[in-house]
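To start, the structure under review is shown below, and the notes come after it.
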């Protein structure tokens, strides 16, 4: 039953054994063995076959499927509408969170520039003959040097991100 159903559904989709094998990441001989009834796919592979052939696993296994009535279709459409609304709310919440993160990073970058501007590189006046002071001063200088070169690009990126994540009407 399973072997015949796989073959019928594969042919109905217009797929050769080779094409189905490529989509399932198996060799063509495996498909041939399934269709001849010499072996059967495991449960995970059966699910993959059903997805590729766009048919329920139950149908592949020989289960008959009753046609949906108008009431069933209405109930399904109502459930889908509720699910779509929940997904839309979740996507909107995610977009808001990302936008807030972009805004927060933008503010931090601007504050970083302000702090560096007002401090005016105080480490330049330090006595670097003391090894500890020299190490700390080097770290400050390296941070300042990297920040001043990378932060403008990060600021532009966060501004663009903020604009792209605004609510679309």
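Here are 61, 80: which of them is farther than 30 Å from residue 166 by Cα and either modelled with pLDDT under 90 or surrounded by 11 or more Cβ atoms within 10 Å (Cβ to Cβ) (or both)? Don't jump to the end; show me each part of the working.
Numbers: 80 fails: farther than 30 Å from residue 166 by Cα.
Step by step, each of 61, 80 is checked, and only 61 is farther than 30 Å from residue 166 by Cα and either modelled with pLDDT under 90 or surrounded by 11 or more Cβ atoms within 10 Å (Cβ to Cβ) (or both).
In segment 32-45, is there at least one residue being under 27 Å from the mean Cα position of the chain (by Cα), free of Cβ contacts under 8 Å to residues at least 60 places away in the same chain and surrounded by 11 or more Cβ atoms within 10 Å (Cβ to Cβ)? Let's see the steps before the verdict.
Keep residues of segment 32-45 that are under 27 Å from the mean Cα position of the chain (by Cα), which gives 43-45.
Pick out the ones that are also free of Cβ contacts under 8 Å to residues at least 60 places away in the same chain and you get 43-45.
Still in the running and surrounded by 11 or more Cβ atoms within 10 Å (Cβ to Cβ): 45.
Yes; the residues of segment 32-45 include at least one that is under 27 Å from the mean Cα position of the chain (by Cα), free of Cβ contacts under 8 Å to residues at least 60 places away in the same chain and surrounded by 11 or more Cβ atoms within 10 Å (Cβ to Cβ).
The residues on offer are 118, 139, and the sole one that is surrounded by 11 or more Cβ atoms within 10 Å (Cβ to Cβ) and in a helix (DSSP H, G or I) is 139.
If you go through segment 80-94 one residue at a time, do you hit one that is free of Cβ contacts under 8 Å to residues at least 12 places away in the same chain and within 30 Å of residue 152 (Cβ to Cβ)? Spell out the reasoning first.
The first filter runs over segment 80-94 and keeps only residues free of Cβ contacts under 8 Å to residues at least 12 places away in the same chain, leaving 80-91, 93-94.
Cutting the leftovers down to within 30 Å of residue 152 (Cβ to Cβ) gives us 94.
The answer is yes, given that some residue of segment 80-94 is free of Cβ contacts under 8 Å to residues at least 12 places away in the same chain and within 30 Å of residue 152 (Cβ to Cβ).
Among the conditions (1) under 34 Å from the mean Cα position of the chain (by Cα); (2) under 13 Å from residue 61 (Cβ atoms); (3) surrounded by 15 or more Cβ atoms within 10 Å (Cβ to Cβ), the only one that residue 3 does not satisfy is (1). When residue 111 is tested against (1) modelled with pLDDT of 95 or more; (2) under 31 Å from the mean Cα position of the chain (by Cα), only condition (2) is not met.
The values are calculated or read from the model by the stated rules, or taken from the named source; none is laboratory data. Treat the numbers as computed from the prediction; the structure is a model and nothing was measured. Neighbour counts run over all protein chains shown; Cβ positions are idealised from the backbone, glycine included.
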